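The values are calculated or read from the model by the stated rules, or taken from the named source; none is laboratory data. Everything quoted here is computed from the prediction, not taken from an experiment. We place every Cβ from the backbone using ideal geometry, glycine too, and count neighbours over all the protein chains shown.
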């Protein structure tokens with residue numbers, strides 16, 4: 001999504017600011033005034049939007065920049081990201097002042113592959129949700145649960161949710177079976193630490209997940225991004241940022 005569109009969606013726009021803006025449009029932050037706003041993947045914000053968000057949180061003024069009416073907005077911001085923002089701050093990709101503002105209370109959620117006991121609970125919850133929407137009554141077969149328990153889940157909970165939704169749509173019987181599960185998922189292997197017991201960095205684990213997905217999908221980037229639960233743009237960005245330049249170039253040019 002272009003940053004100008006993200007800007008207007010988040011902060012709104014005044015009438016006549018640019019061609020075609022015939023009326024004032026409130027942004028998500030204005031609409032959340034006196035309430036709570038959840039901002040997903042805050043680590044992906046462009047630097048200019050990071051600066052604007054910092055000012056908005058610090059000054060509690062969420063009106064568009066040219067607004068003649070100033071109002072202090074009391075709001076609660078909850079944000080999430082898959083990125084290590086401390087590392088992003090170190091390499092200059094994320095503003096340190098903004099990080100200090102949004103990290104007053106930090107909750108680190110382990111990846112799904114490290115929460116094996118949660119997989120069945122989450123899968124059941126998602127299945128019930130989509131069964132209600134699709135007016136179906138389904139259960140998850142034991143063989144599918146074994147696949148789920150042994151999957152590395154590079155796309156975490158979002159990937160699990162997408163796969164359950166797909167399975168519910170495709171299911172023709174009273175159970176979700178392997179026929180409704182993507183073939184690529186079954187070939188995934190859980191990521192383990194190296195033989196010398198040294199823990200791998202988040203970047204290394206992320207790149208391994210990207211490589212596994214692309215290899216399993218035979219280089220089909222659209223298919224791999226769907227499995228991972230991320231956009232093609234996000235996948236390209238991660239490949240470009242990786243140290244595996246030869247690998248990244250190979251798949252970017254395909």
*Test each condition in (1) at pLDDT 80 or above; (2) at positive phi for residue 127 and report the one that comes out false.*
(2)
*Lone qualifier among 152, 141 - being within 18 Å of residue 120 (Cβ to Cβ) and touching a strand residue (DSSP E or B) at 6+ places or on another chain (Cβ under 6 Å)*: 141
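Here's the yes/no breakdown for (1) within 20 Å of the chain's Cα centre (by Cα); (2) surrounded by 15 or more Cβ atoms within 10 Å (Cβ to Cβ); (3) at pLDDT below 90:
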{"residue": "156", "(1), (2), (3)": "yes, yes, yes"}
{"residue": "160", "(1), (2), (3)": "yes, yes, no"}
{"residue": "167", "(1), (2), (3)": "no, yes, no"}
{"residue": "173", "(1), (2), (3)": "no, no, yes"}
{"residue": "176", "(1), (2), (3)": "no, yes, no"}
{"residue": "179", "(1), (2), (3)": "no, no, yes"}
{"residue": "185", "(1), (2), (3)": "yes, yes, yes"}
{"residue": "192", "(1), (2), (3)": "no, no, yes"}
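Within segment 65-73, does at least one residue satisfy the condition of being assigned to a loop (DSSP other than H, G, I, E, B), in the same structural domain as residue 30 (by TED's automatic domain parsing) and at pLDDT 75 or above?
The initial filter retains those residues of segment 65-73 that are assigned to a loop (DSSP other than H, G, I, E, B), namely 65-73.
With the extra rule that they be in the same structural domain as residue 30 (by TED's automatic domain parsing), the set shrinks to 65-73.
Among the residues that remain, those that are also at pLDDT 75 or above are: none.
Checked against the condition, which is being assigned to a loop (DSSP other than H, G, I, E, B), in the same structural domain as residue 30 (by TED's automatic domain parsing) and at pLDDT 75 or above, segment 65-73 yields no hits at all.
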*Does any residue of segment 114-123 turn out to be under 14 Å from residue 175 (Cβ atoms) and either more than 17 Å from the chain's Cα centre (by Cα) or assigned by TED's automatic domain parsing to the domain that holds residue 207 (or both)?*
yes
*In the list 85, 98, 112, 138, which residue meets the criterion of being more than 28 Å from residue 211 (Cα to Cα), touching a helix residue (DSSP H, G or I) at 6+ places or on another chain (Cβ under 6 Å) and touching a residue at least 40 places away in the same chain (Cβ under 8 Å)?*
98
